[in-house]
Amino acid sequence: MKKGIFNLLLIAGISLAISNCSSTEPKQEPQADTSTSSNTSNTVSSRDLNLVALDEINTALKDYRYPDGVRKRGFSYKLADIQKEDFNTWAKDNVAYIKEALNKLPADYLLQIIGHADASGPEEAEGAKKGNVFYSQLRADAVKDALVKQGLPAERITTKASGSTAPISGFSETDGINRRVTFQVVTK
């Protein structure tokens, strides 16, 4: 019996404490500190918007490659052969988006052209063999030159050699379809 009365008193005390602590007046949210300059918040907002745009652009660019793998399967073995007619056809489908994407971003964002090779030869130079890195750089530079001729600013393009380190999933590493360039936007 004493235990039941004790529990009843305990519950009544907790209830009283809760009712005394609660208020019927709405609580106010703390005011934001407006003493920081609007330039800082605009910079943060711009940076956040740029990162969102960059993510969207790079997601779209994952599907871009030259040669496209359909009209032309890949670059010829040990070559960076860009056929004018084929590249112009590819450019009609793709260059407008790349230009638009670069124009959305500040000048410190660059289009990176990544050259790739198949795994037929050595990755690095071995004696007279120049290696996959050499040929993938050659391909990236050739596509850069072709894009500059299409009107993209050379100072907004950078190149990188990947060699045979990123083969296309579902194909043999020595398949010619791996001799290509891909694109992404990066910061300086």
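Couple of notes before you dig in:
- Helices (runs of 4 or more DSSP H) fully within region 1-109 that include at least 1 residues being modelled with pLDDT under 90: 2-21, 38-61.
- G131 being touching a Gly at 6+ places or on another chain (Cβ under 7 Å) and touching a residue at least 24 places away in the same chain (Cβ under 8 Å): yes
- Qualifying positions in region 131-154 - open to solvent by 30 Å² or more (accessible area, probe 1.4 Å) and in contact with a Leu (Cβ under 9 Å, 6 or more places away or on another chain): Y135, L138, K144, P153, A154
- Which listed residue, of Q112, Q83, is among the polar types (S, T, N, Q), out of contact with any Pro (no Cβ under 7 Å at 6 or more places or on another chain), within 27 Å of S172 (Cα to Cα) and open to solvent by 80 Å² or more (accessible area, probe 1.4 Å): Q83
- One residue stands out among those in region 142-180 that are charged (D, E, K, R) and farther than 23 Å from K129 by Cβ: the one that is farthest from the chain's Cα centre (by Cα), which is K149.
The values are calculated or read from the model by the stated rules, or taken from the named source; none is laboratory data. Predicted, not measured: the structure shown is a model, and the values here were computed from it. Methodologically, a virtual Cβ is constructed for each residue, glycine included, from the backbone with ideal geometry; neighbour enumeration extends over all protein chains shown. Side chains included, ligands, DNA and RNA excluded: accessible areas come from the protein's heavy atoms. Shrake-Rupley method; radii C 1.70, N 1.55, O 1.52, S 1.80 Å.
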